[in-house]
Amino acid sequence: MSLLGRDLAIDLGAASTRIYVKGKGIVLDEPSAVARDAETGKVLGYGADAACGGTGEVLGYGGDAACGETCWPFRDGLPADGELARRLVRHFVRKVHWNPFARPRMVMALPEGSTPIDRAALRDVAFDAEARDILLIPHALAAALGAGVPVKDCAGRMVIDIGRDSARIAVLSHGAVVASGTLGGGGQAMNRSIARLVEREHGLLLDEREVEAAKRSAGADWKPLHRQVVVRGRDVETGRERAVPLPVQRIYEATRQPVESIVRAAVGIVERCPPELAADLGERGAVLVGGGALLRGLGRRLRTALCIPVRRAERPLECVALGLGQCVDDLGLIARLRRLPGSVGRRRA
Ligand SMILES: Nc1ncnc2c1ncn2[C@@H]1O[C@H](COP(=O)(O)OP(=O)(O)OP(=O)(O)O)[C@@H](O)[C@H]1O
Ligand SMILES: [Mg+2]
């Protein structure tokens, strides 16, 4: 191991942070959460200690959940709260790096459409966590690499990343992002739709954790639609706790609107592509990554609407970290992609 420490790849997701250590793989996967004392602002815990399952629920500190608030300092791959973001990443990097004097190189994802200010914010986060150098890789390129897409291929391919707060759609060709768009409708939007449906039809208010559990139990894989999940919430009128059985079919239907927004955005991007690239997409299709890609039936719905082949990546939650990890394992990969015509390569922040 180098005296300067092993290089790291860090996927700064709104819901989860994943760290890949060179030669080792993903060694950390924790909620991107910081718990603070609501009154004094003092930090009470980070990551898994601060949140429960990425749902925003505070675990009780000193047995009293009410005393803490959970903050999520990243949004759309960028720091939304600079101070907390820096502290969180510093905490995670120290957790995976035993050597206090190590100054590793760090590879991070740069969301499409980022400004120089955004790049500077990512640089601050990395240097604050003792990075000696930072490499920024286009987010969609990292996701595609992690999903096993042959990015050097000149043929166009689409990558759809459905995270917590947003869905990012990009078309890649020659190892570069040639068209992209982001819309604010990730897993959180699906949760809101499910919660609205349960409130409308059953007069029940569900908390975040309950909605998340219901959505996940609808399952990524095929299960009978008549199967029911039981959800527990507070009655709108009486305020009492009550449980109702909810058919998986209803959960599926509740997510129709956010899924349609993704489809519309993807169609818009295909329409903006040059005709030869659009023809490539018809043949090579799209790959789904991010936690939202685990929603049951999403691939089929996109396939029908876009009329292109759509597949879900093998490890959708980890694709971006795995793609960044490939760049860490083989720094020459970035240089080679950079040499391809039209590609976006290494950027020093
Ligand atoms: N089995 C599942 N079924 C449906 N949705 C799921 C499942 N598992 C996770 N999700 C959803 O995936 C989302 C989190 O995905 P992911 O971890 O890719 O986000 P992130 O990378 O942290 O965020 P972002 O990319 O937006 O910055 C959450 O909204 C969660 O509800
Ligand atoms: Mg993500």
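Points worth noting:
- Taken together, Ala120, Ala131, Ala109, Ala126 contain a single residue that is modelled with pLDDT of 95 or more, on the phi < 0 side of the Ramachandran plot and in contact with a Pro (Cβ under 8 Å, 6 or more places away or on another chain), which is Ala109.
- Scan the range 226-252 for residues that are surrounded by 13 or more Cβ atoms within 10 Å (Cβ to Cβ) and of a type in the set (Ser, Thr, Tyr) and the total you get is 1.
- Strands (runs of 3 or more DSSP E) contained entirely in the range 1-73, each with at least 2 residues that are modelled with pLDDT under 95 and buried (at least 16 other Cβ atoms within 10 Å of the Cβ): 34-37, 43-46, 68-71
- Residues located in the range 268-277, provided they are under 15 Å from Ser180 (Cβ atoms) and either in a loop (DSSP other than H, G, I, E, B) or modelled with pLDDT under 90 (or both): Val270, Glu271, Arg272, Cys273, Pro274, Leu277
- All positions within the range 106-134 that are surrounded by 21 or more Cβ atoms within 10 Å (Cβ to Cβ) and of a type in the set (Gly, Ala, Ser): Ala109, Ala126, Ala129, Ala131
- Exactly one residue out of Arg157, Arg227 is free of Cβ contacts under 8 Å to residues at least 24 places away in the same chain, closer than 21 Å to Arg300 by Cβ and more than 16 Å from ligand 2 (Cβ to nearest atom), and it is Arg227.
- If you filter the range 282-300 down to residues that are part of a helix (DSSP H, G or I) and within 16 Å of ligand 2 (Cβ to nearest atom), you find that the one that is surrounded by the fewest Cβ atoms within 10 Å (Cβ to Cβ) is Leu294.
- Test result for Glu199, among the acidic types (Asp, Glu), at pLDDT 90 or above and within 19 Å of Gly290 (Cβ to Cβ): no
- Scanning the range 244-281 for residues that are over 20 Å from Ala213 (Cα atoms) and among the charged types (D, E, K, R), we see that the one that is farthest from ligand 2 (Cβ to nearest atom) is Glu276.
- Of everything in the range 301-311 that is surrounded by fewer than 18 Cβ atoms within 10 Å (Cβ to Cβ) and charged (D, E, K, R), the residue that is nearest to ligand 2 (Cβ to nearest atom) is Arg311.
- Residues in the range 157-216 that are part of a helix (DSSP H, G or I) and within 8 Å of ligand 1 (Cβ to nearest atom): 7 in all.
Okay, residues lined up against (1) within 16 Å of ligand 1 (Cβ to nearest atom); (2) among the aliphatic types (A, V, I, L, M); (3) at positive phi; (4) in a helix (DSSP H, G or I):
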residue	(1), (2), (3), (4)
Gln257	yes, no, no, yes
Asp280	no, no, no, yes
Leu302	yes, yes, no, yes
Arg311	no, no, no, no
Cys319	yes, no, no, yes
Val328	no, yes, no, yes
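The values are calculated or read from the model by the stated rules, or taken from the named source; none is laboratory data. In this text the structure is predicted, and so the values were computed from the model without any measurement. Ideal geometry is used to build each Cβ from the backbone, glycine not excepted, and the neighbour counts take in all protein chains shown.
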